[in-house]
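Have a look at the structure below before the remarks.
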Amino acid sequence: MGLHILKIAVKISIYQNQWQKNQKAAVFTKDNDELFNSFKDIDKKENTILENKGGTNEKFANEIISKATINVLESNLAVFDCFKKYQLSPYVMFTDSIEIQYRSKLSDSVLSNKGLGIALTNNPETYKVYMANKTESGEEIILAMNNFIDLNKANMKKWYQESLTTKYKEEAQYCPF
């Protein structure tokens, strides 16, 4: 769900101004709000970390988890279905804070946003950005985007909040257990 700017990309691309901070965060069900108050509460043998296969979430979990079991599923949507199916189970996922903000605000959500406030190690801030090739037309696009963002900073925050309450169509994925 994010763009990580690599050195080679910097040489061939230009980027729009940063405006929306993002980090990895823990997500779990509302029923488990009292169970998880710190990272120490998450990384216990009796808990299970559910992650999607091959993404930055799985890599992040493998870097910071030493005691809890990590169970890798096919997709984020399968993980979210497991949360819905097993609301009382001590399951946690690490994913982008932006995704947690969105999924926890859905009207039918079983997810808590409390994990956004739990400190995690080795968790740098990233930003969602647009990029374009370092060409005259690419530069024009980025300059226009920067101008739009600068002129609409107040609206950007409002639009972002509105986007968090919009239901988007997703292909159904199911918990495999």
**OP:** Taking the dipole about the Cα centre of the chain, with the C-beta of Lys and Arg at +1 and of Asp and Glu at -1, give me whichever of Ile100, Ser137, Phe36 is farthest to the positive side.
**Re:** Phe36
Original post:
Across region 131-139, in residue order, what do the Karplus-derived ³J(HN,Hα) couplings come to in whole Hz, using 6.51 cos²θ - 1.76 cosθ + 1.60 with θ = phi - 60° and x for Gly and Pro?
Top reply: 9, 8, 4, 6, 10, 4, 5, x, 5
Original post:
When the dipole is taken about the Cα centre of region 107-177, and only Lys, Arg (+1) and Asp, Glu (-1) are charged at their Cβ, what size is it in debye, to the nearest 20?
Top reply: 300 debye
Subject >> Alpha-carbon Rg with Dmax, taken over the chain, Å >> reply: 18.0, 56
**OP:** Hey, can you find the accessible area per residue of the chain for me, probe 1.4 Å, expressed in square angstrom?
**Re:** 60 Å²
**OP:** Please give, to one decimal in nm, the separation of the simple spin-label points placed at Asp33 and Gln20, each 7 Å out from Cα toward the Cβ.
**Re:** 2.5 nm
Original post:
If the cut-off is a Cα-Cα distance under 18 Å, which lysines reach Lys30, setting aside same-chain residues fewer than 8 apart in sequence?
Top reply: Lys84, Lys85, Lys105, Lys114
Original post:
Top mean-square fluctuation among Thr95, Thr135, Thr56, Gaussian network model of the chain, C-alpha springs under 10 Å?
Top reply: Thr135
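Given +1 on the Cβ of Lys and Arg, -1 on the Cβ of Asp and Glu, and no further charges, what dipole in debye does the chain carry about its Cα centre, rounded to the nearest 20? Before the final figure, lay out each step's value.
Values: 23 positive and 22 negative charges, 42 e Å.
Result for the chain is approximately 200 debye, rounded to the nearest 20.
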Original post:
Which of the listed residues, Leu151, Ser75, Gly55, is farthest toward the dipole's positive end in the chain, when Lys, Arg count +1 and Asp, Glu count -1 at the beta-carbon?
Top reply: Leu151
Original post:
Using a 1.4 Å probe on the protein chains only, how many percent of the accessible area of region 79-168 belongs to carbon and sulfur?
Top reply: 55 percent
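The values are calculated or read from the model by the stated rules, or taken from the named source; none is laboratory data. For clarity, every value in this text was computed on a predicted model and none was experimentally measured. Please note: Cβ atoms are built from the backbone with ideal geometry, for glycine as well, and neighbour counts cover all protein chains shown. These area figures cover heavy atoms from the full protein model, side chains too; ligands, DNA and RNA do not enter into them. Shrake-Rupley method; radii C 1.70, N 1.55, O 1.52, S 1.80 Å.
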